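Enquirer: Below is one structure. I have some questions about it.
Derivation of every value follows stated rules applied to the coordinates shown; laboratory data play no part. Given the structure is predicted, the values throughout are model-derived calculations rather than measurements. Cβ placement follows ideal geometry from the backbone for every residue including glycine, while neighbour counts extend to all protein chains displayed.
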Amino acid sequence: MRNLLQFLTRYSNFLIFLMLEVVAFILICTNNEYQQSAVWSSANRVVAGVEGMKTNIVGYFRLRTENEVLTAENARLKEELMWLGNQIEEQTERDSSYLYSHLDWEYIPAKVVGITTNKQHNYLTINKGLRDSIEVDMGVVGADGVVGIVSAVGEKYSLVVPIIHTKISISSRLKNNGQIGGTAWDGRNCHYVNLTEIARHIDVNQGDTVVTSGLTEVFPEGVMVGEVYETSLGQGDNYHQTIVKLSTDYKSLRYVQVLRNNNKQPYGMD
Amino acid sequence: MEWIKQIVRLIVVVLLQVLLFDHLQIAGWGFPMVYVLFLMNMPVQIPRWAEMLIGAVVGLVFDVWHSSIGVNMAACVAFSFFRPILLGNLTQDLERVKGEIYSASIGRIEYVKCLSILTVVHHLMVFSLEAWSWHNWWMVLVQTLISSTLTILIIMGYDIFRK
């Protein structure tokens, strides 16, 4: 007993240091979404539940703004619907393959209950999970365009890797000339990503629209990614250095839709 | 009176960090964390356990502000734990030093050495814990170097100015 007391007295500072560091690590693992997901490798039900409750409370006080956003989105969708109707009538044959490709997709609405934008590995948590038929590798879009890809699914919540994550790249194309490249984030500004693999002989201009290529089974063709913000070409470069301003503002993202591809090929069946 | 002075100083440091230094982003590659000045200048006579507890509280204050609970706390506790050890090793006649630690009280070279090592350790811990993986280790190191340089320059500027 005396030895134990002597030991505790002698190393008391180091023990306090260890204890405080352990407390800090527990706080990190229980209060930060990214670290939490890295530790448990799945969406955490309790934290997401608390986040959901917090979002519900905050959301109640933002109903007026939400209504305005939804009204504006409704108006835009109506316009789009009318435009599509006209297009179908006028160009049935030419557009049929594109239209059918979109009919193969099912949209599952979800609410964002947690999001980070200031890390290199950002994540967002949505309030739909296994019981809503959400699966890993499903695409996620918002009112303004591409958001990310589902990376982990819990019973009621799912974890989404957004484009603003340094380990994700999304196959995209320039809308005006159909050139295909990849969009990836460099970990700096959450409003901009890089568009790569656009060859030097291709004409790229500021303001060009960038959309999904439709080459993968995650997103349909033509979902908005953003607009070319800046492009440059050095003398020896074979590819354009293109910066794209994302159409999705992650800082104000509240509602998303998860995309179910009904024509998805099971693994091993090409 | 001493503890009132320290509380006022902490409030000033918090406000300066949150309102000014948090916004000095170098293209997303880092920003100065000048609040370590508060921990660096603490009186040398303070018990080590109290120093670590103060470090934990200061870290938690910034964690709440930065929405990164635990990250700054871990780094500040480490800063407070290693400070007396470094001061003891780098400074001769530490016993004669009374009150707060400045370059004038322990010598400029010793102060810079101590501040630099502690700042790099602190910043490395903050950026490593935020990244939570060594996949982009070079990015963590670059952020640490840029932010540490800025922090040290600003603190040394203040140290010279306060003379």
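Enquirer: What is the distance in Å between the Cα centroid of segment A:1-40 and that of segment B:105-123?
Expert: Each part's Cα centre sits 26 Å from the other's.
Enquirer: Taking the mean number of other Cβ atoms within 10 Å as a proxy for protection, how do you rank B:124-136, A:232-244 from highest to lowest? Let's see the in-between values first.
Expert: Numbers: B:124-136: 18.5, A:232-244: 14.2.
Going by the mean number of other Cβ atoms within 10 Å, highest first, we get B:124-136, A:232-244.
Enquirer: Now, a different point. Just checking the output field for B:133-141: average partner chain Cβ neighbours within 10 Å of each residue's Cβ? Intermediate values should be presented prior to the final figure.
Expert: Numbers: counts 5, 0, 4, 5, 0, 0, 4, 1, 0.
The per-residue average across the peptide is 2.
Enquirer: Among B:16-23, B:51-58, what's the highest-first ranking by average C-beta atoms within 10 angstrom per residue?
Expert: Numbers: B:16-23: 14.4, B:51-58: 20.9.
Answer by packing, highest mean first, reads B:51-58, B:16-23.
Enquirer: Using Cα positions and a limit of under 17 Å, work out the aspartates and glutamates in reach of residue A:156, with same-chain residues fewer than 8 apart set aside.
Expert: Straight-distance partners of residue A:156: A:33, A:51, A:132, A:135, A:137.
Enquirer: Using just the alpha carbons, could you tell me how many Å³ per residue the convex hull of chain A encloses? Display every interim value, and only then the final one.
Expert: On the way: hull volume 57.8 nm³, N = 270.
Output value, Cα hull per residue: 214 Å³.
Enquirer: Also, I was wondering about something else. If each DSSP helix of 4+ residues adds -39,500 (n - 2.57) and the sum is divided by the residues in chain A, what number results at 222 nm, nearest 500 deg cm²/dmol?
Expert: Only helices count here, giving -11500 deg cm²/dmol.
Enquirer: Now, a different point. Would you please classify the overall shape of segment A:160-270 from the alpha carbon gyration tensor, given that a ≥ b ≥ c denote the square roots of the eigenvalues, rounded means a/c under 1.5, and beyond that prolate means a/b larger than b/c while oblate covers the rest? Please list the in-between numbers first.
Expert: Values: a/c = 1.93, a/b = 1.33, b/c = 1.45.
Since a/c reaches 1.5 but b/c is at least a/b, the shape of segment A:160-270 is classed as oblate.
Enquirer: 222 nm [θ] for chain B, helices only, -39500 (n - 2.57) per DSSP H run of 4+, per residue, to 500? Show your work: numbers first, answer last.
Expert: Numbers: 7 runs with 115 residues, N = 163.
That calculation yields -23500 deg cm²/dmol at 222 nm.
Enquirer: Could you work out, residue by residue across B:65-78, how many beta carbons of other chains sit within 10 Å of that residue's beta carbon, and then give the average as an integer?
Expert: Values: counts 0, 1, 5, 9, 9, 12, 7, 1, 7, 8, 2, 2, 8, 4.
Taking all residues of B:65-78 together, the mean is 5.
Enquirer: In whole angstrom, how far apart do the alpha carbon centroids of segment A:118-141 and segment A:193-258 sit?
Expert: Between the Cα centres of segment A:118-141 and segment A:193-258 lies a distance of 22 Å.
Enquirer: Now a separate question. So how do B:24-32, A:146-154, A:77-85 stack up, highest first, on mean other-Cβ count within 10 Å?
Expert: Working: B:24-32: 15.6, A:146-154: 23.2, A:77-85: 10.4.
Ranking, from highest mean packing down: A:146-154, B:24-32, A:77-85.
Enquirer: Can you pull the mean other chain C-beta count within 10 Å for peptide B:43-54? Kindly include the intermediate steps, with their values, before the conclusion.
Expert: On the way: counts 0, 0, 0, 0, 1, 5, 6, 1, 2, 6, 2, 0.
Mean partner shielding for this stretch: 2.
Enquirer: For an R0 of 45 angstrom, estimate the FRET efficiency from the Cβ-Cβ distance between residue A:58 and residue A:11 and round to the nearest 0.05. Could you put the intermediate results ahead of the total?
Expert: On the way: r = 46 Å, r/R0 = 1.02.
My answer for the efficiency is 0.45.
Enquirer: Can you give the FRET efficiency for residue A:144 and residue A:26, using 1/(1 + (r/R0)^6), R0 = 41 Å, r = Cβ-Cβ distance, to the nearest 0.05?
Expert: Values: r = 38 Å, r/R0 = 0.92.
Working from the Cβ atoms, E equals 0.60.
Enquirer: Which log10 I(q)/I(0) values, to two decimals, does chain B give at q = 0.13, 0.15, 0.16, 0.19 Å⁻¹ under the Debye formula with one point per Cα?
Expert: Results for chain B at q = 0.13, 0.15, 0.16, 0.19 Å⁻¹ read -0.59, -0.79, -0.91, -1.30.
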